[in-house]
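Structure record follows, encoded as structure tokens.
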2 protein chains.
Amino acid sequence: MNDSYLNFVNSPLGARLARSLHLPKPEMLRRYRADAPEFDGIVAVGAGPSPQLLDALAGVIARIGMTSVAHAGASAWMPLANRHGLMTGRFEPADPAAGSQAGSQARVRALVFDASGIADSAQLDTVYAFFHDALRSLDKCGRIVVLGRPPEACASPRQWTAQRALEGVTRSLGKEARRGIASNLVYVADGVKSSAERSAASSAASSDESSNDSGIRSGIESTLRFFLSPRSAYVSGQVVRIGTAPSSLGDDFDWTQPLAGQRAVVTGAARGIGAAIANVLAAQGAHVTGIDVPAATDALDATMRQISGTALPFDITAPETPAQIAAALDELGVDVFVHNAGITKDKTIAKMSEPAWRNVIDINLSAQERIDEALLEAGTLRDGGRIVCVSSIGGIAGNIGQTNYAASKAGVIGRVQSMAPHLAKRRITINAVAPGFIETQMTAKMPLAIREAGRRMNSMSQGGQPVDVAQTIAWLAHPGSAGITGQVVRVCGQSLIGA
Amino acid sequence: MNDSYLNFVNSPLGARLARSLHLPKPEMLRRYRADAPEFDGIVAVGAGPSPQLLDALAGVIARIGMTSVAHAGASAWMPLANRHGLMTGRFEPADPAAGSQAGSQARVRALVFDASGIADSAQLDTVYAFFHDALRSLDKCGRIVVLGRPPEACASPRQWTAQRALEGVTRSLGKEARRGIASNLVYVADGVKSSAERSAASSAASSDESSNDSGIRSGIESTLRFFLSPRSAYVSGQVVRIGTAPSSLGDDFDWTQPLAGQRAVVTGAARGIGAAIANVLAAQGAHVTGIDVPAATDALDATMRQISGTALPFDITAPETPAQIAAALDELGVDVFVHNAGITKDKTIAKMSEPAWRNVIDINLSAQERIDEALLEAGTLRDGGRIVCVSSIGGIAGNIGQTNYAASKAGVIGRVQSMAPHLAKRRITINAVAPGFIETQMTAKMPLAIREAGRRMNSMSQGGQPVDVAQTIAWLAHPGSAGITGQVVRVCGQSLIGA
């Protein structure tokens, strides 16, 4: 739970020592705190040819209260920003002669590039131009967000190719930016129209106010807010797709309590990542029901008491449990179900016992299948609801001694991909988060060398916290995230390890 | 080009020293040699419930001259093997008491598991049972092949989920098997019917000989041969999909000269990986035309002379080149085009010059687009042809100082994915290989620490050779690989590094 190296090199003495010995100096990540402003500072905006998402972006930046500067390549920005009443200026590159640490230019909190109009690989030089000029100006723990179009939906192979190329840039930027900076790519489906396009279509009849972009707002606002917020501190190197499924958040939507009035269930909620998920969902307004094994009832009760939640001590693998969960929740229904419960029983396969295989598959995977079937059949999970499953980087890349765990967590990915189209009719989304190295009691028990390797082999040079996983789940559970389904988002600080 | 550690620990003194100091001991990989039998030894066969691919598998194993043993879970194997005239016996697990090194049981060269009938996560325990019993018996440099069904084509979410879970097992097995063992997963589309199914359908009319499985033979034989052969020495942790596109190899097909009578083009062919590709394609019977920049004409001439190929000194980025290539090849046409030419110009983006960006994108990506357009328009690339592009692990995962390179190589993946459906009408396949750390003049110039990290951070604990990339390309270029398109196969020894 405690990364003493991270703490040490961020102390005055440790920082001096790290500098003189050229030791790596992981940044103390800026995380969300209820007592500090979630959004502040400057966003530098760049754009390729024919950018289509700047209007929506300007609306979001104006509403969250950040200011903006526009790179020379984003000439369309100024009028849009003015229209949204957004304070804006011209981006001035930091003076390279002054070195990367100095320079009189104010540092920016985020670099956002609208690549939606890039239709050919030759146009990728606009991406280069922006990040070449702007990366030095990005503050520590800053954000890089590249907005593109889903390659597989592009009309021409050349456009698909150029949009797909953005992945290489975004992931490379995450790896070279360091300093706690996160870099992510968001592919926004074309059906999520910008207000400019829509008002051009419905023309004179509609008013010209900024509120007429609520369509796109519900489409991408929850995601832009997440990636610009300290809530996404440990999410980097990810590619997220936003589809066209509509979600209708009114203009009076309370973004500080997005889950107000909703009922959420979290399995494995007594401790660790599960308890963090329960806490975050409750802080966002949900009533949380925590499920955990009867043996953990005391811890579960304590966790639920703190958040005025409900404890349901159930063994999720018992044959009768799915029906019992459905019955227990049936009266009020469920809006958000988080399948977090999971175990490891590590052994190389030649030494692994059959129960060790079966237990891990059953708890981490099959139980999720049975519970969802019961909840969906009974209608307990409401239309428009959210399912979020916890997978793992081990399910993506495999791991020594974890054939059972990796199978279960790879299966979770299959579950999310296979269920998404089925659930779309009921406007239910299903997604997975795949944690990398997260500081928990489990990782605290690892041998030192393995723990240190896991901690440092990512772009943040440190492990994540349970709250990082929880915040990512809360974003996927958000009413505004209706367009995100069937996806896997790693919470891994851009771990080197992959498949 | 020279991994002195690998050589040292495989010398008598080095091996003793490595043992006593507990140093890692990478295996000398068994690679294809024209003067040694490509296939020999025993395949141990396992199966889940209702396996559908055993008949096809038995046919291939019989034809390549290996023998087989059947695990207790594969009761369907014996009669099928007998039908194909394949020597077979019962698999006896190695005695665990005797330790993993000892045991009187003959070691096996390959473990093949037919998981095609697994329809539910609970049935994954059959996978466990086979590898639990059999992994210890697998010889060094052995092969693990798991056969499944493409998850996205499965009828039920539960089946999709269970098939997707196989990825976690296969990748974990690759990581824990070590000893130069490669582990791969092949998803075979259902339309590629087994001869048993087909003969049941056309029943009495058809004869009951083994030759009546030529349909599935052309579907999966080139792939099974590749993964059972020492040609795939450095390909591990990969997932390959075989679709239903038919390819008709006659019963008299010469598997030793699969490209006989074909014309292949390789860009960047003067040296390194390009020269290795040219050599392997020529060894498999193709006439090779090598393209490289005019400055490399001497090296290109020398490489082509050795294989009786044709040298075409062209700068692929010159505007007139695509038309010139098409004109030069037009009379005889092209069956196989390998886009291998590529450069790096590494710098962090803030220090990268605009020409460094543009050059890398243009040579590695845009030039491929222009050349393919010219060849396809002119009809120079024949119907039923093959395009293979060289991507990179950097295009998948991104890399520090390689925003340009990673963008270009990620774009290559987009090219392959976007062009595949367009080219399917003409029965042309397009795929990419993504090399990991390959021992070349380029890697020989890396600083020692970076080179050693790159070499060791994979399941083989060593870098690959150019020939490993070349053999993988030859498999994709094979006339029997008609069902493989739009895919990216890493040649990386199951590198830890991924996305």
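Read-outs: derived from the displayed coordinates by stated rules, not from any lab. Note that the structure is predicted; figures quoted are calculated from it, not measured. Cβ sites come from the backbone with ideal geometry, for glycine too, and all protein chains shown count toward neighbours.
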### Task
Quick one: which residues, 5+ away or cross-chain, put their amide H under 5 Å from the amide H of B:Gly142? H built at 1.01 Å from N.
B:Ile181, B:Ala182
#### Entry: Exercise: per-residue mean of other protein chain Cβ atoms within 10 Å, B:126-136
4
### Query
Taking one equal scatterer on every alpha-carbon of the protein assembly as shown, how large is log10 of I(q)/I(0) by Debye at q = 0.05 1/Å?
-0.30
### Query
How much net charge surrounds A:Leu259 when only the other residues with a Cβ under 15 Å from the Cβ of A:Leu259 are counted, with Lys and Arg +1 and Asp and Glu -1?
+3
### Query
Mind checking the dipole of chain A: about its Cα centre, +1 per Lys or Arg Cβ, -1 per Asp or Glu Cβ, Debye to the nearest 20?
1400
### Query
Points 7 angstrom from Cα along the Cβ direction at B:Glu320 and A:Asp383: gap in nanometres?
6.6
### Summary
Highest mean packing first, using Cβ neighbours within 10 angstrom, the peptides A:267-273, A:351-357 sort as A:267-273, A:351-357
#### Entry: For region B:1-30 and region B:475-490, distance of Cα centres in Å
34
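Please report the relative contact order for region B:322-447, taking Cα pairs under 8 Å with a sequence separation of at least 6, and give it as a percent rounded to a whole number.
Numbers: 186 pairs, mean separation 37.3, N = 126.
Once normalised by length, the contact order is 30 percent.
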### Query
Helix A:125-134: angle to the longest alpha-carbon principal axis of chain A, degrees 0 to 90, nearest 10?
90
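Can you compute the equivalent ellipsoid semi-axes for region A:242-341, i.e. the square root of 5 times each eigenvalue of the Cα gyration tensor, sorted largest first and rounded to whole Å?
Here the semi-axes work out to 26, 16, 12 Å.
With charges only on Cβ, +1 for K and R and -1 for D and E, what is the dipole size of the protein assembly as shown about its Cα centre, in debye, rounded to 20? Let's see the in-between values first.
Values: 94 positive and 88 negative charges, 491 e Å.
Using only the charged Cβ atoms, the result is roughly 2360 debye.
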#### Entry: Local electrostatic count, A:Ile484, Cβ distance below 10 Å [Lys/Arg +1, Asp/Glu -1]
+2
### Query
How much of the calculated P(r) for region B:373-441 lies past 16 Å, in percent of all Cα pairs?
53
### Task
Please give, to one decimal in nm, the separation of the simple spin-label points placed at B:Thr443 and A:Ser248, each 7 Å out from Cα toward the Cβ.
5.8
### Summary
Inter-copy distances for A:Asp35, label 7 Å out on the Cα-Cβ vector, sorted ascending, nm, one decimal, are 7.8
### Task
Using only Cα atoms, locate the centre of region B:403-461 and the centre of region B:45-75, then give the distance between them in Å, rounded to an integer.
33
### Query
So what is the relative contact order of chain A, in percent, for Cα pairs below 8 Å that sit 6 or more residues apart?
14
### Query
Could you give, in nm with one decimal, how far B:Ser248 is from each other copy of that position, shortest first, with labels 7 Å out from Cα toward Cβ?
5.7
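Which peptide among B:305-313, A:241-249, A:118-126 comes first, and what is the full order, when sorted by highest mean count of other Cβ atoms within 10 Å?
A:118-126, A:241-249, B:305-313
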### Query
Measuring label to label, 7 Å along Cα→Cβ, what does B:Glu452 give against each other copy in nm, shortest first?
1.5
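May I ask what percent, to the nearest 5, of DSSP beta bridges between residues of the protein assembly as shown are antiparallel?
If I count the DSSP bridges inside the protein assembly as shown, around 5 percent turn out antiparallel.
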### Task
For region A:385-393, just list the computed ³J(HN,Hα) in residue order, Karplus coefficients 6.51, -1.76 and 1.60, θ = phi - 60°, integers in Hz, with x standing in for Gly and Pro.
x, 9, 10, 10, 10, 9, 9, 6, 4
### Under 5 Å, built H, 5+ apart or other chain: amide partners of A:Thr310
A:Val288, A:Thr289, A:Gly290
### Query
Between B:His84, A:Gly411, B:Thr297, whose Cα lies farthest towards the positive end of the dipole of the protein assembly as shown when Lys and Arg beta carbons carry +1 and Asp and Glu beta carbons carry -1, centred on the Cα centre?
B:Thr297
### Tensor-based shape of chain B (alpha-carbon gyration tensor, a/c under 1.5 rounded, otherwise prolate or oblate)
oblate
### Message
How shielded is B:369-380 by partner chains, expressed as the average number of their Cβ atoms within 10 Å of its Cβ atoms?
### Response
1
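Return the average number of partner chain Cβ atoms within 10 angstrom of each residue Cβ along peptide B:151-163.
5
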### Query
Rounded to the nearest whole Å³, what is the per residue volume of the convex hull around the Cα atoms of region A:275-406?
117
### Task
Determine the calculated [θ] at 222 nm for chain A from helices alone, applying -39500 (n - 2.57) to every DSSP H run no shorter than 4 residues and normalising by the residue count; nearest 500 deg cm²/dmol.
-11500 deg cm²/dmol
### Summary
For A:Gly464, other-chain or 5+-apart residues with amide H closer than 5 Å (H placed, Pro excluded) are A:Phe437, A:Ile438, A:Glu439
### Table column - 3J(HN,Hα) (Hz), region B:394-411, Karplus curve with 6.51, -1.76, 1.60, x for Gly and Pro
x, x, 8, 9, x, 7, 4, x, 10, 4, 5, 4, 5, 4, 5, 7, 5, x
### Task
Go through region B:33-39 residue by residue and turn each phi into a ³J(HN,Hα) via Karplus (6.51, -1.76, 1.60, θ = phi - 60°); whole Hz please, and just put x for glycine and proline.
9, 5, 9, 10, x, 6, 10
### Query
Relative contact order for region B:274-389 using alpha-carbon pairs under 8 Å, separation at least 6, rounded to a whole percent?
27
### Query
What dipole magnitude, in Debye to the nearest 20, does region B:220-327 give about its Cα centre under +1 on Lys/Arg Cβ and -1 on Asp/Glu Cβ?
280
### Task
Let me know the Rg and Dmax you get for region A:282-335 when you use only its Cα atoms, in Å.
11.5, 33
### Message
Can you work out which chain B residue has the shortest Cβ-to-axis distance for the rotation that carries B onto A, and give it in Å?
### Response
B:Gly498, 1
### Task
Kindly express, to the nearest 10 degrees and within the range 0 to 90, the angle between helix B:466-477's C-alpha long axis and the longest C-alpha principal axis of chain B.
80
### Task
Quick one: net charge around A:Tyr405, please, counting Lys, Arg +1 and Asp, Glu -1 for every other residue with C-beta under 9 Å from its C-beta.
+1
### Summary
Of the listed links A:Lys175/B:Lys140; A:Lys347/A:Lys445; A:Lys445/B:Lys175; B:Lys25/B:Lys445; A:Lys25/A:Lys347, those spanning more than 26 angstrom between alpha carbons are A:Lys175/B:Lys140; A:Lys25/A:Lys347
